[in-house]
Amino acid sequence: MTITVGVLALQGAFLEHLVLLKRAAQYLQSQGITESFEFTEVRNVDQLAQCDALIIPGGESTTISLVAAQSGLLEPLREFVKVDRKPTWGTCAGLILLSEAANATKKGGQELIGGLDVRVNRNHFGRQVESFQADIDLPFLKSDESVSDDPFPGVFIRAPVVEKFLPHVEGIQLGEQQVAQTVVAPAKSAKDNQARGAMSSHVDIMGILPGRLKKAAAMGAAVDAGEEVGDIIAVRQGNVFGTSFHPELTSDIRIHVWWLKQVLGAIDKRAASSS
Ligand code: GLN
């Protein structure tokens, strides 16, 4: 069986994702996985229709959503994620687009795809520290014995964080719609609305960036970091996965390997339930 994985290629770091996906697939094949993968750039509705799974890369979420709207891709993307529930992973700008609500948006905002019942805060780390790299501990990688459990090199570039979990409602997140400078994902069609009911309602926290106090404590400072929670930088809800950081800008294939396995699992599950 050949599985087609697309990378939305309207703007941003899509080529980098393709490079890591190919390396991750080679690794999986070296581990005995028999399915073959095809990786493809997605710029239009026909290309999206070929895909079993999709990555939305980092870049500029406003630009990606504008070009997607111009290409007539926004509704098909919503259907891909929420109605067909095909595995989708967003990195940085991609996470913003996959959230049901985002704040700190420009006037007029951007259109969201949605799929994750969370609100993200764009450019969370502010202007002074727009980019940084931090070692992060990702417990989900540890479930895979074939990969190393070293911390993951997290590259954060004007990164969003998940700042609120939203109730799993049918249709639009009305409560969030009233908040200034916040945009919400629309539910334009009845199909979208019904689909919400069938989506997983549970958001899993997949990664946390420890706060400054914890970091200081780890470096030996005498501070009480006990209560500090840190920032949520990776979440999953059913087949929708989002990370604030950019694994595609590193040479570390571990998250791509893990995600391709999730894709295989989702496809197996679907085949089992339809047979
Ligand atoms: N903050 C950017 C946005 O709003 C995302 C940055 C990124 O993808 N590196 O789109």
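Quick notes on this one:
- Full extension of the chain between T2 and A218 gives 73.2 nm of extra length, using 0.36 nm per residue less the Cα-Cα distance.
- Between F132 and Q70, the simple spin-label model (points 7 angstrom out along Cα→Cβ) gives 3.6 nm.
- Within the chain, longest stretch clear of exposed trypsin sites (Lys or Arg not before Pro) (DSSP loop, no more than 11 other Cβ within 10 Å): 128-275
- By the combined test of axial Cα extent (at least 18 Å) and Kyte-Doolittle hydropathy (mean at least -1.0), the qualifying DSSP H helices of the chain come to 14-30, 254-274.
- Using 0.36 nm per residue and subtracting the Cα-Cα separation, the extra length available between H202 and Q177 on full extension is 6.9 nm.
- Share antiparallel - DSSP beta bridges, the chain, percent rounded to 5: 55 percent
- Mean sequence separation of contacting Cα pairs (under 8 Å, at least six apart), scaled by the length of the chain, corresponds to a relative contact order of 21 percent.
- Building the convex hull from the alpha-carbon atoms of the chain and averaging its projection over directions returns 15.2 nm².
- Above-threshold pairs, the threshold being 26 Å between Cα atoms, out of K82/K142; K22/K142; K86/K215; K22/K214; K82/K269: K82/K142; K86/K215; K22/K214
- Between S143 and D84, the simple spin-label model (points 7 angstrom out along Cα→Cβ) gives 2.5 nm.
Here, each number is a calculation from the coordinates, and none is a lab measurement. None of the values given here were measured: they were computed from a predicted structure. Backbone-built Cβ (ideal geometry, glycine too); neighbour counts: all protein chains shown.
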